[in-house]
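Below is one structure, written out as structure tokens, with a few remarks after it.
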Amino acid sequence: MFIITLQEQPENRQKTLGIHIYLMQWTYNGKQIDEIPDEYEGFVYLITNTTTDQKYIGKKLAKFKTTKPPLKGKKNKRRGTKESDWRTYWGSSDRLNADVAALGEDKFTREILYLCKGRGEMSYIEAREQFDRRVLETDEYYNGIINVRVGGSDKLKQALLEQHIQAKQSNT
């Protein structure tokens, strides 16, 4: 969000133009986060409207996979990643985005609840949080749908076990 101010100086009637940049940051474990570590593919988050205490639970990929055509004379496609729009992202809820536009970004907090190493883990934890918080049963949440498709795998079970152990250690 950009704020542009026009100030008039009374002593010489000169006008100055000031540009103030405000970007609402994400926090994780109470600390501002500017980078997502490379081993994580995305995160599950909580956005809170500080004026009404309404909340939103969602997930966001931190990076996207990219594919480029092979170089001249080569056969293999070139694969890589690029950072997503996670720094400026406000969720997929139309009601939440309307409130952010009307009230301003400074009336909201954005908190990363879980850093996730894979998409399956991220989808599962998002749905688990939404069901545990009963987001569809109350007006306390902006969420209007729970949409999840997760296949069980050993990799997912291991990631969830690690999350569980990590949560237990932080509570002791």
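The values are calculated or read from the model by the stated rules, or taken from the named source; none is laboratory data. In this text, all values refer to a predicted model and were calculated from it rather than measured experimentally. All Cβ positions, even for glycine, are placed from backbone atoms using ideal geometry, and neighbour counts span all protein chains on display. All accessible areas refer to the heavy atoms of the entire protein, side chains included, with ligands and DNA or RNA removed. Shrake-Rupley method; radii C 1.70, N 1.55, O 1.52, S 1.80 Å.
A few comments on the model shown:
- Of Lys77, Lys59, Lys55, Lys117, all but one fail to be without any contact (Cβ under 8 Å) to a residue 60 or more places away in the chain and either open to solvent by 20 Å² or more (accessible area, probe 1.4 Å) or more than 30 Å from Gln166 (Cα to Cα) (or both); the exception is Lys77.
- Residue list for segment 118-133, filter: of a type in the set (D, E, K, R) and under 15 Å from the mean Cα position of the chain (by Cα): Arg119, Glu126, Glu129
- Number of positions in segment 62-74 that are basic (Lys, Arg) and surrounded by 11 or more Cβ atoms within 10 Å (Cβ to Cβ): 1
- Single condition Ser170 does not satisfy, out of (1) more than 21 Å from the chain's Cα centre (by Cα); (2) at pLDDT 95 or above; (3) assigned to a helix (DSSP H, G or I): (2)
- Those residues of segment 129-172 which are charged (D, E, K, R) and closer than 19 Å to Cys116 by Cα, in sequence order: Glu129, Asp132, Arg149, Asp154, Lys155, Lys157, Glu162, Lys168
- Test: residue in segment 2-24 that is at pLDDT below 95, within 27 Å of Arg128 (Cβ to Cβ), open to solvent by less than 40 Å² (accessible area, probe 1.4 Å) and of a type outside the set (Ser, Thr, Tyr): yes
- The set of residues in segment 123-159 that are over 17 Å from Leu46 (Cβ atoms) and either touching a Leu at 6+ places or on another chain (Cβ under 7 Å) or crowded, with 16+ Cβ neighbours inside 10 Å (or both) comprises Val150, Leu156, Ala159.
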